[in-house]
1. Kindly list, by first and then second residue, each pair from a residue in segment 146-160 that is aliphatic (A, V, I, L, M) to a residue that is part of a helix (DSSP H, G or I) and open to solvent by 20 Å² or more (accessible area, probe 1.4 Å), limited to pairs with Cβ atoms under 7 Å and residues at least 6 apart or on different chains.
2. Go through (1) assigned to a helix (DSSP H, G or I); (2) without any contact (Cβ under 8 Å) to a residue 24 or more places away in the chain one by one and return the number of the condition residue 1 breaks.
3. Could you check, for segment 48-64, whether at least one of its residues is of a type in the set (D, E, K, R) and part of a helix (DSSP H, G or I)?
4. Output yes when any residue across segment 372-395 is within 30 Å of residue 338 (Cβ to Cβ) and at pLDDT 75 or above, and no when none is.
5. What single numbered condition from (1) in contact with a helix residue (DSSP H, G or I) (Cβ under 9 Å, 6 or more places away or on another chain); (2) open to solvent by 30 Å² or more (accessible area, probe 1.4 Å); (3) farther than 21 Å from residue 27 by Cα; (4) free of Cβ contacts under 8 Å to residues at least 40 places away in the same chain fails to hold for residue 249?
6. Condition (residue is in a loop (DSSP other than H, G, I, E, B), open to solvent by 10 Å² or more (accessible area, probe 1.4 Å) and not aliphatic (A, V, I, L, M)) applied to segment 31-47: is it met by at least one residue?
7. Looking at segment 115-144, which of its residues are at pLDDT 75 or above and open to solvent by less than 40 Å² (accessible area, probe 1.4 Å)?
Amino acid sequence: MSVKEKVKGFIRKWGLLEEGDRVLLGLSGGADSVCLFYLLLELREELGLALRVVHVHHGIRTEADQDVSYVKKLCEKEDVFCYMFREDVPACAEKQGLSLEEAGRILRYQDFQESLGRWQKEECEIFKEQYVSGGQICSARYKIATAHHENDQAETVLFQLFRGCGLAGLRGILPRRENVIRPLLCLSREEIEEFLRERGISWCEDETNKAEDYSRNKIRCRIIPYAEREICRGITGHIGKTAEILREVEEYIRKQVREAYRKTALEQEGIVVFDIISLQKEDIFLQKQLLFYGLERILAARKDIGAVHMEEILGLVEKQGNGELFLPQGVRIRKVYHKLLLFREGEKDTLLSKILSENRKFLCGGRKPEIKMEKIDLSEKEVVKARFGLQKFSEIMGCIPQKEYTKWFDYDKIKMPFSVRHREIGDYLTIDGEMNHKSFRRYMIENKIPVSDRDRIWLLADGSHVIWVPGGRISTYYKVTDQTKTILQIQICVEE
């Protein structure tokens, strides 16, 4: 199969290009980008593509001026428009504390996106009517093409593997990420150079690719050639195929994670809340993936957060009691009984408390709640039957309100006036028909109320005897029974 047919098949398989696409090629002048340049020129007629080029001078090599000249002449010869940029990569790297490689990559992609935006804006003016009428030209048709190839893929996978990574790292360079496409990932460096030699096309050599100052260059210049000679021929192709399989596996797992996430977590204003009981029902591998996914929801990038942090979070989940972890990028993980909160530093504690209160339903914090009371005298049977639509007075027990903040009590058992207050030492509830007591402190522990909220919960109390915990339970002693003569209906005025 020819190089062109191989690349066309790869483009079809991954849906990289469609008829009428605008393609901006990052053209360095090296063999890989020059190869892609000529392949896109040939495909331009077949697919009706529009092609432009962007070249970035990184301000590192003295020979880079020759690359600029080469690219300009190449574009003039083939009548292709070229955007030119000159960046001071060393200064950027020093200022931001980055390697030259990383700083160069960041600046390159900034220039690519800027050029693409300029192209799109220009055509938007030209084809304004088509935009307005829903024509073919839209932002999705503008794409950036880079010339990463099979050898780059192998270097990336090995580099990630040596550093330690998960599936996302082992899947390597993606054929497509958002509007960036890599049509040459199916070709080896040898195939690229052979394609150019057969056509008598020259290219520029970047001597820094042979320098062993960078880890990737050591992999490129030492490890891969040694493995090719001594272990297995075609190693870059084999690694590329493995990366492709892992991409498929990773995509399948992502689908499972998204489905499980809907069952185990909720999001509110930048905070992810996992239900620990639901989380722990999942396989340990899926638990870790869910945590990673939750972090992705609150972070722009997952940089510096890895497997070791997942182990720390799962350790926090497993241990008794509450706790908190501090992760890179200002991430905080807080365990509050059966809830696990993921959020960035700076989120207001009032919001965190609000989320926890919503999950518990206890009336917590704020000013003293307003209550409404109404006495219902059961001796007036006809009035009561008419009010509740009863046929028989014995059905009155079925009318007890089930709302969280409206309850009935046996009026004659309450020493009026009762108080609406926060907890005090010695508070207790009656917990069963035998009139056994439980301290309110023990009740809060069993209901997993955070220590920070325990002094903020509102109670209705008859001395030290807790009548009702709004949102929680009623003390058995005060419940309506068949012996009740007068009902006291109490309603807490909150938004339900």
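1. Final answer for the pair search is 147/32; 154/235; 154/239; 157/170; 157/239; 158/223.
2. Of the numbered conditions (1) assigned to a helix (DSSP H, G or I); (2) without any contact (Cβ under 8 Å) to a residue 24 or more places away in the chain, the odd one out for residue 1 is (1).
3. Checking segment 48-64: not a single residue is of a type in the set (D, E, K, R) and part of a helix (DSSP H, G or I).
4. Within segment 372-395 (the criterion being within 30 Å of residue 338 (Cβ to Cβ) and at pLDDT 75 or above), the answer is no, since none of the residues qualifies.
5. Here residue 249 clears every test but (4).
6. no
7. The answer is 115, 116, 117, 119, 123, 141, 142, 143, 144.
For every residue, the table says whether it meets (1) at pLDDT 60 or above; (2) within 13 Å of residue 276 (Cα to Cα).
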{"site": "328", "(1), (2)": "yes, no"}
{"site": "335", "(1), (2)": "yes, yes"}
{"site": "342", "(1), (2)": "yes, yes"}
{"site": "347", "(1), (2)": "no, no"}
{"site": "353", "(1), (2)": "no, no"}
{"site": "356", "(1), (2)": "no, no"}
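The values are calculated or read from the model by the stated rules, or taken from the named source; none is laboratory data. Here the structure is a predicted model, which is why all the values come from computation and not from measurement. Backbone-built Cβ (ideal geometry, glycine too); neighbour counts: all protein chains shown. Side chains are part of the model used for accessible areas, which takes the heavy atoms of the whole protein and leaves out ligands, DNA and RNA. Shrake-Rupley method; radii C 1.70, N 1.55, O 1.52, S 1.80 Å.
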